[in-house]
Amino acid sequence: MKLRIVVVAALACALHATDRQPLVTGIDSVGLTVSDLDRSVDFYTKVLSFEKVSEKDVDGDAYEHLEGIFGIHLRIARLRLGSESIELTEYIAPRGRPAPIDAHSNDRSFQHLAIIVSDMARAYEWLRRNKVAHASPRPQRLPDWNKNAGGIEAFYFRDPDGHPLEILHFPPDKGDPKWQRDTDRLFLGIDHTAIVISDTEASLVFYRDILGMHVAGASENYGTEQERLNNVFGARLRITAVRAASGPGIEFLQYLAPGDGRPYPADEKPNDLIHAVVRFAAPDTGDGYGVLRNKRVRFVSSGVIALAAPSEFRKAFVIRDPDGHAIEIAQQ
């Protein structure tokens, strides 16, 4: 462990010393694999107020090499809430595995979308009326003794395929100022996607020092409210928020306790319903590919893949972060 920390620190120093431009300019969207696109679009638009922007059918060699799956045929819908976007993908072929029924919030496969609401009580009542699956027993207000998180209200639930979601309400002194504007809308946008990680320093080397994101905040959360929010008894988390120049952020959730969370499944595929992917916009995928190859990052794609219309991006490739979470680097 000591050797790993030394190597990580040395790499971080070396990367800071180069003072190069970030490999990514922002987060374009977060993607989820779903079993029934029509059902999922219905849920996100009617229950959570997303707007459907587009839908496309794709197949062929380029997508097979991008996703690392042969014989691919996809239906993809792009949805927007506020200024943030998600993509829902149904694998018509080949079908993947269902989500595990015994998943826990401290497993490293955990990844959620944090959707900001203007009124927690009204939002929770709306979700109850729409019979969403609870992951938390009810909304939790984080205690005031926690300087960086006190007053935040949050609730975990699941979409029709079991993907974890969060509604989040910031008090006036926290969060992006845009979440404090007067509005009659209940669901406002996506603040971040949260991922469970094993080592904050290793994740910072990847997301901050290699990709070029910056640290936007940090806290250590514990206590009854946090345990009930995550539905993990004895939960104590080191939380670190990182952001790029645009788009939602990424929140690292390192469980200091308990230590029984399962690692990311080594054999997970993009067509499995556990799958989520963060798509980063990049000025040059060729440059990014070279840097990431030199850093011995794990690749899903066979190289930089040229994508024809109807794709919004001309080139892209998919990699894994240090814990196995999928990352797409895309160039318009």
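Considering only segment 40-62, state which residues are more than 25 Å from ILE190 (Cβ to Cβ) and in contact (Cβ under 8 Å) with a residue 40 or more places away in the chain. Of everything in segment 40-62, just one residue is more than 25 Å from ILE190 (Cβ to Cβ) and in contact (Cβ under 8 Å) with a residue 40 or more places away in the chain, namely ALA62.
Working only within segment 70-105, note down all residues that are of a type in the set (Lys, Arg) and either free of Cβ contacts under 8 Å to residues at least 12 places away in the same chain or in contact with a helix residue (DSSP H, G or I) (Cβ under 8 Å, 6 or more places away or on another chain) (or both).
Residues of segment 70-105 that are of a type in the set (Lys, Arg), as a first pass: 75, 78, 80, 95, 97.
Within segment 70-105, just ARG75 meets the criteria.
Any chance you could count how many residues in segment 111-152 are among the small types (Gly, Ala, Ser), within 20 Å of VAL196 (Cα to Cα) and either assigned to a strand (DSSP E or B) or at pLDDT below 95 (or both)? Number satisfying all stated conditions: 2. Residues of segment 282-310 that are free of Cβ contacts under 8 Å to residues at least 40 places away in the same chain and either on the phi < 0 side of the Ramachandran plot or surrounded by 14 or more Cβ atoms within 10 Å (Cβ to Cβ) (or both): GLY286, GLY290, ARG293, ASN294, ARG298, PHE299, VAL304, ALA309. For segment 52-62, the criterion of being within 20 Å of the chain's Cα centre (by Cα) and under 26 Å from GLU268 (Cα atoms) is met by no residue. Any residue at all in segment 298-308 that's under 26 Å from HIS112 (Cα atoms), of a type in the set (Val, Ile, Thr), assigned by TED's automatic domain parsing to the domain that holds ARG75 and part of a loop (DSSP other than H, G, I, E, B)? Within segment 298-308 (the criterion being under 26 Å from HIS112 (Cα atoms), of a type in the set (Val, Ile, Thr), assigned by TED's automatic domain parsing to the domain that holds ARG75 and part of a loop (DSSP other than H, G, I, E, B)), the answer is yes, since at least one residue qualifies. Pull up segment 48-100, narrow it to residues that are in contact with a Gly (Cβ under 8 Å, 6 or more places away or on another chain) and of a type in the set (Ser, Thr, Tyr), then point me to the one that is nearest to SER118 (Cα to Cα). Across segment 48-100, the extreme among qualifying residues is SER83.
Residues that are in contact (Cβ under 8 Å) with a residue 60 or more places away in the chain and acidic (Asp, Glu) within segment 150-183 comprise ASP159, ASP161, listed in sequence order.
ILE327 falls short on exactly one of the conditions (1) modelled with pLDDT of 95 or more; (2) surrounded by fewer than 20 Cβ atoms within 10 Å (Cβ to Cβ); (3) outside the structural domain of GLU153 (by TED's automatic domain parsing), and that condition is (2). If the condition is being buried (at least 20 other Cβ atoms within 10 Å of the Cβ) and farther than 22 Å from ASP159 by Cβ, then segment 66-110 contributes LEU66, ILE72.
Where in segment 189-260 are there strands (runs of 3 or more DSSP E), lying wholly inside it, with at least 2 residues that are under 19 Å from PRO139 (Cβ atoms) and in contact (Cβ under 8 Å) with a residue 24 or more places away in the chain? So that I can check it myself, show each step before the final result.
Working: elements: 214-222, 236-243, 249-257.
Counting at least 2 such residues, we get 214-222, 249-257.
Checked against the criterion of being free of Cβ contacts under 8 Å to residues at least 60 places away in the same chain and aliphatic (A, V, I, L, M), segment 138-146 has no qualifying residue. Being in contact with a His (Cβ under 6 Å, 6 or more places away or on another chain), surrounded by 16 or more Cβ atoms within 10 Å (Cβ to Cβ) and more than 15 Å from ARG108 (Cα to Cα) is not true of ILE319.
Looking only at segment 161-177, which residues are outside any strand (DSSP E or B), at pLDDT 95 or above and closer than 21 Å to VAL278 by Cβ? Correct list: ASP161, GLY162, HIS163.
For ALA154, indicate whether it is out of contact with any His (no Cβ under 9 Å at 6 or more places or on another chain) and among the small types (Gly, Ala, Ser).
Working: out of contact with any His (no Cβ under 9 Å at 6 or more places or on another chain): no; among the small types (Gly, Ala, Ser): yes.
For ALA154, the condition - out of contact with any His (no Cβ under 9 Å at 6 or more places or on another chain) and among the small types (Gly, Ala, Ser) - is not met.
Being touching a strand residue (DSSP E or B) at 6+ places or on another chain (Cβ under 6 Å), aromatic (Phe, Trp, Tyr) and either under 27 Å from ILE27 (Cα atoms) or outside any strand (DSSP E or B) (or both) narrows it down to one of TYR63, TYR44, so name that one. Spell out how you get there, then give the answer.
Working: TYR63 fails: touching a strand residue (DSSP E or B) at 6+ places or on another chain (Cβ under 6 Å).
Exactly one residue qualifies, and that residue is TYR44.
Taking (1) touching a helix residue (DSSP H, G or I) at 6+ places or on another chain (Cβ under 8 Å); (2) under 20 Å from LEU256 (Cβ atoms); (3) not in a loop (DSSP other than H, G, I, E, B) in turn, PHE155 satisfies each apart from (2).
The values are calculated or read from the model by the stated rules, or taken from the named source; none is laboratory data. Predicted model, so just to flag it, every value in this text is computed and none were measured. Methodologically, a virtual Cβ is constructed for each residue, glycine included, from the backbone with ideal geometry; neighbour enumeration extends over all protein chains shown.
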